[in-house]
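Written below as structure tokens is the structure these notes are about.
The values are calculated or read from the model by the stated rules, or taken from the named source; none is laboratory data. None of the values given here were measured: they were computed from a predicted structure. Cβ coordinates were reconstructed from backbone atoms using ideal geometry, including for glycine residues, and neighbour counts include every protein chain displayed. Keep in mind that these areas ignore ligands, DNA and RNA; they rest on the heavy atoms of the full protein, side chains included. Shrake-Rupley method; radii C 1.70, N 1.55, O 1.52, S 1.80 Å.
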Amino acid sequence: MKPATPPVDPHGRTINYMRLSVTDRCNLRCAYCMPAEGVPMRSHADILPYEDLLRISRAAISLGMEKIRVTGGEPLVRKGIVRFLERLSSLPGLRRLVLTTNGVLLREMAADLKNAGVESLNISIDSLRPDTFARITRCGDLRQVLEGIEAVERAGFPFVKFNVVVMRGVNDDEVADFAALTVDRPYRVRFIEYMPTLPREDGKDLTVPGEELLRRLSERFRLQPVGREKLTGPAAYWRIEGAAGMVGVITPVSCHFCRECNRIRVTSTGMAKGCLFDGDGVDLKPFLRAEGDDALRRALRGVIESKPERHSLGEGPDQRSALPMSEVGG
Ligand code: SAM
Ligand code: SF4
Ligand code: SF4
């Protein structure tokens, strides 16, 4: 079967990428992602079974989605995830299956993920200092993540991407240390602007604009622009002269990448969203009850057709309610 041509939304953007959250549960409690008291967990009955997530993926692929990123919560805590990934990666028409993880379980699971057909991993790691790491994650042990990264390299993934959410006064003094990791190893270290998705008074002050980050990095290293990757999204990349890897900057707050937004999201409870800040989104569950995938395809097409042009994060007073990223998958 010839793969479908990816759909184009009303703002002229080609939509070829779905982020699929498989759980809202997590083995960490990152301060930027969840409130201190945690978020009320969905009951098991609300979480879609793998069979439904596969149906949604099949419908999305038949509409032209070429890449699926599995995320969470922490996707690796869901039971049966490896078998699910195996089935997902063998859906005809899917060009790339990738996964975002906090790395805690990678020491045991990296080789299985590679064998299941996961092409690459994004590992979230916000500090190289054990005490800062523990403070940001509210309970994490940096050593587990570092051992996970070693396991990923042994498993033969072609490169590893790191996601570093940069927060002023918390970990922004570590950006040069993170960038230095790319000199000898083919790592892609991506600095992400902190998004004030949870109501907290100092929220906006925590964001370090990408431009400032780059200025700071260029004071320390000679950086050469590399450009953006195809089939991915928002990171712009630079290479430290002579380095094996690259540093990237993702600027969801200071410099909207909405113009190039190529994605939709589906949560573990079956809510489809054209935009991260789309409120509750469209409930796919009623469409899952229909026979065949046509209704599901129509619902997903509707989500693409109502994708907003941009967000207004960081502009004016914040009227939004809390958006725990563990529910939407980042
Ligand atoms: N648990 C996995 C992990 O942490 O990689 C996957 C889910 S997590 C919600 C996905 C991504 O969202 C992570 O890279 C995380 O750093 C990012 N994220 C969560 N809250 C954020 C925020 N307020 N600002 C920027 N990035 C955020
Ligand atoms: Fe969990 Fe990922 Fe959110 Fe951290 S960022 S609390 S690891 S879901
Ligand atoms: Fe896309 Fe919405 Fe994110 Fe903009 S804010 S890049 S439209 S998901």
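Things to note:
- Here the Gaussian network model covers the chain, with springs between Cα atoms less than 10 Å apart; of 36, 134, 299, 36 fluctuates the most.
- Rounded to the nearest Hz, the phi-derived 3J(HN,Hα) couplings of the stretch 81-95 under the Karplus curve 6.51 cos²θ - 1.76 cosθ + 1.60 (θ = phi - 60°) are 4, 5, 4, 4, 5, 4, 5, 5, 5, 9, 5, x, x, 7, 8, where x marks glycine and proline.
- Largest-first ordering by accessible area, 1.4 Å probe, given options 309, 193: 309, 193
- Using θ = phi - 60° in the Karplus curve 6.51 cos²θ - 1.76 cosθ + 1.60, the 3J(HN,Hα) couplings for the stretch 154-165 round to 5, 6, x, 5, x, 8, 10, 9, 10, 9, 10, 7 Hz; x is entered for Gly and Pro.
- Residues residue 310 and residue 168, FRET efficiency given R0 of 25 Å [Cβ-Cβ distance, rounded to 0.05]: 0.55
- Against the main long axis of the alpha-carbon atoms of the chain, helix 210-220 sits at an angle near 40°.
- Of 300, 94, 128, the order by accessible heavy-atom surface (1.4 Å probe, DNA, RNA and ligands excluded), from most exposed downward, is 128, 94, 300.
- Between the Cα long axis of helix 106-115 and the first principal axis of the chain there is an angle of about 50°, rounded to the nearest 10.
- Net charge of neighbours whose Cβ lies under 9 Å from the Cβ of residue 62, counting Lys and Arg as +1 and Asp and Glu as -1: +1
- Per-residue ellipticity at 222 nm computed for the chain from its helices equals -8500 deg cm²/dmol, with DSSP H segments shorter than 4 residues left out and the rest contributing -39,500 (n - 2.57).
- Under the Karplus curve 6.51 cos²θ - 1.76 cosθ + 1.60, θ = phi - 60°, whole-Hz ³J(HN,Hα) for the stretch 262-277, x wherever Gly or Pro sits: 10, 10, 10, 10, 10, 7, 5, 9, x, 8, 9, 10, x, 8, 3, 9
- Annotation for residue 216 and residue 143: the two label points, set 7 Å from Cα along the Cα-Cβ direction, are 2.9 nm apart.
- Förster-model FRET efficiency, 25 Å R0, residue 283 and residue 8, C-beta, rounded to 0.05: 0.50
- Heavy-atom accessible area order for 112, 280, largest first, 1.4 Å probe: 280, 112
- Pairwise FRET efficiency - residue 51 versus residue 159, Cβ, R0 = 25 Å, nearest 0.05: 0.15
- Accessible area of residue 218 in the full protein assembly, 1.4 Å probe (Å², nearest 10): 70
- Candidates 66, 260, 212, ranked by Gaussian network fluctuation over the chain, Cα under 10 Å, top entry: 212
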